[in-house]
Amino acid sequence: MNPLSMPGSRRARRSAAAVAVLLLTGCSGKQSVLDTAGVQAERIGSLWWFTLAICAVVYLIVMALLVATIVRRRRGAMREAPEVRPEPSEDRRTTRLVAIGVALTIAILLVFLVADFITGRKLGDLDGSDALVIEVIGHQWWWEVHYADSIPANRVVTANEIHIPVGRTVMFKLSSSDVIHSFWVPRLHGKKDMIPGYVNTAWLRADSPGVFRGQCAEFCGYQHAKMGLTVVAEPPASFQRWAAAQRLPAAVPSDPIRLRGRQVFLAGQCIMCHTITGTPAGGKVAPDLTHVASRGTIAAGSLPNTTGNLAGWILDPQSIKPGCNMPANTLAPDDLQALLAYLGSLR
Amino acid sequence: MARASSIHRLALPLAAGILLMSCEREARRFHEAPPSSGNARTITMSELQPGVAVPPAETVNQYEKNGWALSEGKRLYGWYNCSGCHAQGGGGMGPPLMDDEWIYGSDPANIFATIVEGRPNGMPSFRGRISDNDVWKLVAYVRSLSGQVDKDVSPGRDDDMSKRVQEQSKTPEPQRQSSTPPASQRSGSTGRKR
């Protein structure tokens, strides 16, 4: 039935139901600020709910007063404009009411100020002993990730996907290689800017396992909108297994097709920008591909990591992320298949 | 009264003209075929020809009118480590790029061939490693290092520590071709003797 031809009350009920559904589904999701998975996001979230509650009450009071004045005006019979003349008792009453309103407003704002301050202090109060240190460097338009360790052999270099252990404090050291980016994983923490020439720190802790999506939160150029990030929080044992696998260089494949794919990789444009440890490819200006097949997404979270998507991305990245820094690649079909087989083996 | 209205009638076309002047300079074409890629084949190694000598057609690199292409060329110059041998145009292991002496020619097609084919004594061949489009962008940028590209499209001041005069402020000098490749001039590998 055409919504516009429905009777008014039915239309109103239908649209109210639709709005309710929309509002409720906005709460959950892997990138939802309200669906918190870490202690920092919870602190920010509780401040938000507190502010929302008070503002909602104030809003209802103000609306009630507004409705009351409209209704009262309509009830009284006004045949002509009232004379404006000073009436001391009436004026004193009005002045007192306005003063009370202003005082209440100031009090509420002071409450907000204190709540804000307390939340800010709490955000800086996370036990940092035995923190995992991860350096994230923002590039246009991808994320370079280094896991720091005093033993160089234990360091992990990856891109666009960060794994962290559940229940352990993580310290992110954030910087940028070109313009200002911003590190934002809504389910875990607020936004932290990544400023070139400066190292910003963000402390957080994931309290439940899951896959959380992040997004660059500071406009950084053509593909700012597609500069996504994945943070995977997993149990400590699982995290150690992942880190151990990430430390290994890419082995020379024995399969002839994959070997041919490795040759295609090393003979083409790829080595100018990308690194695969275990091969002579050592480019530093594009994501590290040593374990690209272990990631859930490619192109900084903008495509699921499937063979088809990888093929499309390699052949013509400009059609997916126009303006990004990766050039198109012309590959013969056999070469492309071999390359996909090789990249798919890099777990 | 009549003068005011004639000025008003000119205002719109004038504004349109001024705005349209920067169309080519500011265009961002992310998806395109390489410009004049066929022209690189007009380079010859010798000026001698049988019969009547036909001078080769001068290559025009469309990217020299596009500011974005020049800034991309500057990015690629840094990314692909051209400065490892050529520094920021001042030279080192490789010859300077900001001067007026060109061993293998300063025509865009010559520079394209230099990058793609490589040259004796250390210039690598980038054929198959850099797409044609990107090589033409580098060609345009290299020419801007010696001031041969218009000032309004050349890159401006560096964000980081300035090692040289910015490309858009370089004064172009007439380009000379030195006739002797460096192998016969150089004694040892300490650099070209000039």
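A short reminder: the numbers here are calculations on the coordinates, not readings from a lab. Keep in mind it's a predicted model, so treat the numbers as computed, not measured. For neighbour counting, all protein chains shown are included, and Cβ atoms are generated from backbone atoms with ideal geometry for every residue, glycine included.
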For this session: Any of A:Lys192/A:Lys321; A:Lys191/B:Lys170; A:Lys191/A:Lys321; A:Lys192/A:Lys284; A:Lys321/B:Lys65 with alpha carbons more than 31 Å apart? Name them for me.
Result: A:Lys191/B:Lys170
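The range A:201-321: percent of C-alpha pairs farther apart than 20 Å?
In whole percent, the share of Cα-Cα pairs in the range A:201-321 beyond 20 Å is 55.
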Problem set entry | Sorted by Cβ density within 10 Å, fewest first, the residues A:Phe183, B:Phe30, A:Phe265 | B:Phe30, A:Phe265, A:Phe183
Exercise. Where in the range A:63-149 are there GluC sites (Glu not before Pro) that are in a DSSP coil and have at most 16 other Cβ atoms within 10 angstrom of their Cβ?
Worked result: A:Glu80, A:Glu83
Exercise. By per-residue mean of other Cβ atoms within 10 Å, what is the highest-first order of A:148-159, A:291-302, A:99-110?
Worked result: A:291-302, A:148-159, A:99-110
For this session: Take A:Leu174, A:Leu343, A:Leu266 and order them by how many other Cβ atoms sit within 10 Å, fewest up front.
Result: A:Leu266, A:Leu174, A:Leu343
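If the range A:164-258 were replaced by its equivalent ellipsoid, with semi-axes equal to the square roots of 5 times the Cα gyration tensor eigenvalues, what would those be, largest first, whole Å?
Each semi-axis is √(5λ); the values are 27, 21, 13 Å.
Enumerate by residue number the trypsin sites (Lys or Arg not before Pro) in the range A:30-95 meeting two conditions: DSSP loop (anything except H, G, I, E, B), and at most 13 other Cβ atoms within 10 Å of the site's Cβ.
In loop regions of the range A:30-95 (DSSP not H, G, I, E or B), the sparsely surrounded trypsin sites (Lys or Arg not before Pro) are A:Arg79.
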Exercise. Taking one equal scatterer on every alpha-carbon of the range A:260-307, how large is log10 of I(q)/I(0) by Debye at q = 0.18, 0.33 1/Å?
Worked result: -0.58, -1.18
For this session: Shielding by partners for B:122-135, please: the mean number of other protein chain Cβ atoms within 10 Å of each residue's Cβ.
Result: 2
Seminar exercise, completed: Protection proxy (average C-beta count within 10 Å per residue), highest first, orders A:59-69, A:198-208, A:324-334 as A:198-208, A:324-334, A:59-69
For this session: Within 10 Å of each residue's Cβ, count the other Cβ atoms and sort B:His8, B:His86, A:His181, A:His189 from fewest upward.
Result: B:His8, B:His86, A:His189, A:His181
Exercise. Relative to the longest principal axis of chain A, what angle (0 to 90°, nearest 10) does the C-alpha long axis of helix A:8-25 take?
Worked result: 40 degrees
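Find out how many positive minus negative residues lie around A:Arg205, taking Lys and Arg as positive, Asp and Glu as negative, among other residues whose Cβ is under 14 Å from that of A:Arg205. Intermediate results must be reported in sequence, preceding the final value.
Working: positive: A:Arg43, A:Lys122, A:Arg168, A:Arg187; negative: A:Glu42, A:Asp125, A:Asp127, A:Asp130, A:Asp207, A:Glu234.
Summing Lys and Arg as +1 and Asp and Glu as -1 gives -2.
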For this session: Give the distance, in whole Å, between the Cα centre of the range B:60-103 and the Cα centre of the range A:305-319.
Result: 30 Å
Exercise. What are the principal axis extents of the Cα atoms in the protein assembly as shown, in Å, biggest first?
Worked result: 111, 86, 54
For this session: Report, to two decimal places, the Cα Rg of the range B:64-148 normalised by 2.2 N^0.38 Å (N = number of residues).
Result: 0.97
Seminar exercise, completed: In whole Hz, the Karplus estimates of ³J(HN,Hα) for the range A:318-323 (6.51, -1.76, 1.60; θ = phi - 60°; x where Gly or Pro) are 5, 7, 9, 10, x, x
For this session: Could you list the trypsin sites (Lys or Arg not before Pro) in the range B:57-165 that lie in coil according to DSSP, counting only those with at most 13 other Cβ atoms within 10 Å of their Cβ?
Result: B:Arg127, B:Arg157, B:Lys163
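At 37 °C and 0.692 mPa s, what whole-number value in µm²/s does Stokes-Einstein give for the translational diffusion of the range A:176-229, with Rh from the Kirkwood sum over Cα pairs?
276 µm²/s
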For this session: Report the Stokes-Einstein translational diffusion coefficient (µm² s⁻¹, integer) for the range A:55-152, Rh taken as the Kirkwood radius over Cα pairs, at 10 °C with viscosity 1.306 mPa s.
Result: 78 µm²/s
Problem set entry | Relative frequency of Cα-Cα separations exceeding 16 Å in the range B:61-101, percent | 44 percent
Seminar exercise, completed: Non-local residues with an amide H under 5 Å from the amide H of A:Val133, with H modelled 1.01 Å from N and Pro and chain starts lacking one, are A:Ala148, A:Met171
Exercise. If you plug each phi of the range B:142-157 into the Karplus form 6.51 cos²θ - 1.76 cosθ + 1.60 with θ = phi - 60°, what whole-Hz ³J(HN,Hα) values come out, in order, with x for Gly and Pro?
Worked result: 4, 5, 6, 5, 9, x, 8, 10, 3, 5, 6, 9, 5, x, x, 4
Problem set entry | Cα-based reach from A:Lys30 at 16 Å (exclusive), listing aspartates and glutamates while leaving out same-chain residues under 8 positions away | A:Glu42, A:Glu161, A:Asp207, A:Glu234
